[in-house]
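Note sheet for the following structure.
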């Protein structure tokens with residue numbers, strides 16, 4: 001396959017890096033270079049910020065009515081839908097996720113998200129209030145924040161980019177986006193197919209290293225908000241850089257999602273749920289179930305059935321319809337997963353399935369679905385986010401113990417509880433310190449419901465009307481209704497009552 005040369009999208013134009021340098025983008029299934037992309041510089045980031053600032057300050061986008069912005073977002077959704085197979089295939093090659101996952105899960109949700117926010121902005125309201133002071137009317141108005149910098153991870157490059165793009169544009173903001181260096185292609189292709197629908201400068205894409213581009217975006221005084229989906233260490237750096245002008249920060253920083261399986265749960269259902277939620281997208285997902293807490297009475301039966309189902313996972317070319325699991329995104333991510341497996345063994349966990357690179361696959365960053373038992377709560381494989389297909393199974397005796405251990409991590413993004421006693425599953429769900437809790441399911445997201453974490457998983461919400469609120473700021477407008485030159489309360493400053 002020929003190597004394609006891409007450019008960055010700044011101020012409505014396709015441009016090379018100011019340095020003229022590029023970097024290679026690799027297909028993780030074949031390890032072959034499939035594209036060359038500009039190695040952006042600090043100056044390129046500044047140019048993109050300037051374009052977004054100009055587009056916002058001129059009013060070319062924020063002064064459009066909600067109806068006008070909604071119409072454009074709807075047209076973008078139509079264009080994405082027409083090109084959905086192409087985008088899915090490109091992302092499958094670039095990320096390594098299976099074509100069925102990209103085509104039948106990611107793209108439909110992306111399209112729905114655009115359409116949801118197209119409608120949602122027309123339902124965004126301020127708040128007309130009573131005359132609280134007795135002298136005037138108070139009105140709450142929501143306004144766009146300004147220039148938004150969005151930093152996108154490599155596991156869902158277009159999917160998560162749309163979580164930022166759709167609400168930010170709907171609210172009237174302008175954007176500068178930095179995709180992950182591993183996976184910039186689907187976002188650049190998105191800009192290609194939609195560039196004529198937006199005024200220039202409203203959407204800008206800069207490719208290149210995070211320590212240069214990301215730092216400039218987060219620290220610039222001309223950026224009003226930075227939205228990051230990434231890891232905790234990057235989140236801390238972004239917060240520190242953003243303090244330069246006290247800009248708003250929106251962070252989704254990963255997770256270590258538990259599944260709590262109650263004794264009355266269906267064994268078939270919980271093993272199906274565990275296989276799917278632990279290994280989708282090769283477990284490169286911050287909501288993936290990485291810790292399963294199983295009551296001791298059903299532990300052995302659960303593990304036996306889990307291993308049987310894991311053995312049926314078909315690893316291979318992500319472009320094939322029959323493939324269930326593709327490669328990890330990079331050699332670095334595969335090596336990281338291998339190191340965690342070695343660590344788990346050193347710590348005394350028992351490897352019951354997988355744990356190696358698949359035999360006979362000489363190319364590609366593949367790794368087997370891996371299951372550990374005899375896992376202790378303080379082990380690194382139980383506490384740290386691996387972002388590779390490694391599942392830990394832990395026994396518990398009491399529900400209180402299971403809840404305590406599920407909460408005993410620094411993360412608080414997502415969790416699930418499985419059982420048939422409605423009172424008990426609701427009680428457990430209420431006690432879990434996670435921003436999203438599923439019951440008898442794990443991983444379902446919809447545009448209408450918020451997604452975001454507690455604790456060190458970050459703050460702020462993606463999806464839903466809550467996301468639209470994230471990309472607006474609240475203004476109180478007060479209107480005097482007395483018509484008096486000297487108001488009754490002025491005597492407290494000067495004169496007499």
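List of remarks:
- Spacing of the two label points (7 Å from each Cα toward its C-beta) at residue 359 and residue 211, in nm: 4.1 nm
- Taken over region 304-346, the convex hull of the Cα atoms encloses 76 Å³ per residue.
- Euclidean distance of C-alpha centroids, region 222-290 and region 147-191, integer Å: 17 Å
- By the count of other C-beta atoms within 10 Å, a proxy for reagent exposure, 294, 446 are ordered fewest to most as 446, 294.
- At 0.692 mPa s and 37 °C, Stokes diffusion of region 228-276 via Kirkwood alpha-carbon radius, µm² per second: 237 µm²/s
- Calculated diffusion of the chain, Stokes-Einstein form, Kirkwood radius summed over Cα pairs, 20 °C and 1.002 mPa s, µm²/s: 89 µm²/s
- For region 243-351, the equivalent ellipsoid built from the Cα gyration tensor has semi-axes of 28, 21, 16 Å, listed from largest to smallest.
- The label-point distance for residue 398 and residue 15, in a model that sets each label 7 Å from Cα toward Cβ, rounds to 6.4 nm.
- In the chain, helical runs assigned H by DSSP with n ≥ 4 each contribute -39500 (n - 2.57); averaged across all residues and rounded to the nearest 500, the mean residue ellipticity at 222 nm is -10500 deg cm²/dmol.
- Residue-span extension gain [residue 104 to residue 193] - 0.36 nm each, minus C-alpha spacing: 30.0 nm
- Packing, taken as the mean count of other beta carbons within 10 Å per residue, orders the peptides 336-344, 185-193 from highest to lowest as 185-193, 336-344.
- Estimated FRET transfer efficiency when R0 is 60 angstrom, pair residue 374-residue 494 (beta carbons, to 0.05): 0.15
- For the chain, the longest principal axis of the C-alpha atoms and the axis of helix 267-279 are separated by about 60°.
- Rounded, prolate or oblate (a/c below 1.5 giving rounded, otherwise prolate when a/b exceeds b/c) for region 176-271 by Cα gyration tensor: oblate
- Part-to-part distance (alpha-carbon centres) for region 315-333 and region 421-497, which is given in Å: 40 Å
- Counted by neighbouring Cβ atoms within 10 Å, the residues 8, 67 run from fewest to most as 67, 8.
- Highest-first packing order for the peptide set 319-327, 84-92 is 84-92, 319-327, based on the mean count of other beta carbon atoms within 10 Å.
- Working note: Cα atoms of region 1-82, range along each principal axis, descending, whole Å: 47, 34, 17.
- With eigenvalues of the C-alpha gyration tensor scaled by 5 and rooted, region 42-165, Å: 35, 20, 13
- Estimated inter-spin distance, residue 485 and residue 127, nm [label 7 Å along Cα→Cβ]: 3.7 nm
- Contour minus Cα-Cα distance for residue 269 and residue 85 (0.36 nm per residue): 63.1 nm
- Peptides 31-43, 460-472 ranked from most to least packed give 460-472, 31-43, packing being the mean of other C-beta atoms within 10 angstrom over each peptide's residues.
- Tilt relative to the chain, helix 185-194 - C-alpha long axis, 0 to 90 degrees, to 10: 40 degrees
- To the nearest ten degrees, helix 107-120 and the longest principal axis of the Cα atoms of the chain are 20 degrees apart.
- Cα extents for region 257-439 along the principal axes, largest to smallest and rounded to whole angstrom: 50, 32, 30.
- Region 257-439 - share of DSSP beta bridges that are antiparallel (%, nearest 5): 10 percent
Read-outs throughout are calculated quantities, based only on the coordinates presented, and are distinct from any laboratory measurement. Just so it is clear, the model here is predicted, and its values are computed rather than measured. Reconstructed Cβ throughout: ideal geometry from the backbone, glycine too, with neighbour counts over all protein chains shown.
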